[in-house]
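Encoded as structure tokens, the structure appears first; notes follow it.
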Amino acid sequence: MTTIAHVTYDGWAMLVRHLQRLRRAPGLFVLTQTMPVTMLLFFGYVFGSAVSLPGGADYRAYLVPGLFVATAANGIMTGMIQAAQDAQRGVMDRFRTLPMSRSAVPAGQAASEVLLAATGLVPLALVGYAVGWRVEGGLGPALGAFGLLLLFRCATAWIGIYLGLLLRNEEAAGQLGSATFMLSLISSAYIPTAGMTDWLRTVAEWNPLSAVVAACRELFGNAVAGVDDAPGAAWPVTHPVAASLGWSLLLLAVFVPLAVRRYARS
């Protein structure tokens, strides 16, 4: 029990430290809050007229759940940059000299990523509502969708933390983090996968982001019949809720111990 209390206390201290860090770097906070809204307006109004959905479904309502998931996937980028920054500047070395739990340091950062993602969903949801997105599936499923998004953000944050500790270079982490934008492009976040070439469709539908996108559209009631579940669709997008939970738990099972071990040895 004492060990659990110790881990909880140390993790809370690290969480507070990362939240205070945002006050000294407000640009990162502003960027994470405004970028998804900018993407919604850009894709929704610039590309929206070029994307037609069956039954005349509104593309912007279809797009919003995809942007929710793209925002959750940003945990890879932000987690990687912050972990690499701390490692490069010697902060991690100082933490290891303190009598604190090894798992508390990355866990505190992951928890701050989840809180940051939760606040980022609010402005995106409000702007989405303003441009026509609605929750059509009821309050319970909608809360389940938001919970799934935060679980996925937690999983991607642990991926980023591990990669940041592995790189130990802030500049390299920033460059690799920018490349993670491609993950959402090769998915169903912005466009249906049914129109892709066969090999690219397979890659996109087995991309974990596509499963979470399809799950959110289903739970929010924004799914368009014949789009994500078009004939020949892969299992993750035809069983999106189960696939999303499975992907998230698998990523956590792999990257939590990897990140903790890397922190302890780096």
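The values are calculated or read from the model by the stated rules, or taken from the named source; none is laboratory data. Bear in mind that the values here come from a model prediction, so they are computed numbers and not experimental data. When we count neighbours, we look across all protein chains shown, and the Cβ atoms used for this are built from the backbone with ideal geometry, even at glycine.
Within the range 225-239, being buried (at least 16 other Cβ atoms within 10 Å of the Cβ) and either touching a Lys or Arg at 6+ places or on another chain (Cβ under 6 Å) or on the phi > 0 side of the Ramachandran plot (or both) holds for no residue.
Being part of a loop (DSSP other than H, G, I, E, B) and either within 25 Å of Gln20 (Cα to Cα) or touching a residue at least 24 places away in the same chain (Cβ under 8 Å) (or both) is a description that applies to Val135.
When Asp86, Asp58 are checked against the criterion of being within 24 Å of Ser210 (Cβ to Cβ) and among the acidic types (Asp, Glu), a single residue qualifies: Asp58. Do we have any residue at all in the range 148-168 that's without any contact (Cβ under 8 Å) to a residue 40 or more places away in the chain and surrounded by 19 or more Cβ atoms within 10 Å (Cβ to Cβ)? The answer is no, given that none of the residues of the range 148-168 is without any contact (Cβ under 8 Å) to a residue 40 or more places away in the chain and surrounded by 19 or more Cβ atoms within 10 Å (Cβ to Cβ). Pairs linking a residue in the range 203-220 that is more than 16 Å from Leu63 (Cβ to Cβ) to a residue that is part of a helix (DSSP H, G or I) and acidic (Asp, Glu), with Cβ atoms under 9 Å and 6 or more positions apart or on different chains, are Ala211/Glu205.
Within the range 114-132, the set of residues being in contact with a Leu (Cβ under 8 Å, 6 or more places away or on another chain) and hydrophobic (A, V, I, L, M, F, W, C) comprises Val114, Leu115, Leu116, Ala117, Ala118, Leu121, Leu124, Val127, Val131. Could you go through the range 89-97 and let me know if any residue there is closer than 25 Å to Ala215 by Cβ and either in contact with a strand residue (DSSP E or B) (Cβ under 6 Å, 6 or more places away or on another chain) or of a type in the set (A, V, I, L, M, F, W, C) (or both). No, the range 89-97 has no match at all. On the basis of being modelled with pLDDT under 95, β-branched (Val, Ile, Thr) and not in a loop (DSSP other than H, G, I, E, B), does Val237 make the cut? So Val237 passes the test.
Condition first: among the polar types (S, T, N, Q) and within 19 Å of Phe68 (Cβ to Cβ). Now tell me which residues in the range 153-174 satisfy that.
Of the range 153-174, the ones among the polar types (S, T, N, Q) are 156, 169.
Selection gives Thr156 alone.
Note on the range 92-131: residues that are surrounded by 13 or more Cβ atoms within 10 Å (Cβ to Cβ) and more than 23 Å from the chain's Cα centre (by Cα) total 6. Here Thr156 qualifies as at pLDDT 95 or above, closer than 30 Å to Tyr263 by Cα and hydroxyl-bearing (Ser, Thr, Tyr). Looking at the range 101-118, can you tell me whether even one residue there is within 20 Å of Arg168 (Cα to Cα), modelled with pLDDT under 85 and in contact with a helix residue (DSSP H, G or I) (Cβ under 8 Å, 6 or more places away or on another chain)? Among the residues of the range 101-118, at least one is within 20 Å of Arg168 (Cα to Cα), modelled with pLDDT under 85 and in contact with a helix residue (DSSP H, G or I) (Cβ under 8 Å, 6 or more places away or on another chain), which makes the answer yes.
The residues in the range 181-215 that are surrounded by 15 or more Cβ atoms within 10 Å (Cβ to Cβ) and charged (D, E, K, R) can be counted, and the count is 2. Filtered by the rule that a residue be without any contact (Cβ under 8 Å) to a residue 60 or more places away in the chain and within 20 Å of Ala57 (Cα to Cα), the range 221-232 gives Ala223, Asp228, Asp229, Ala230, Pro231.
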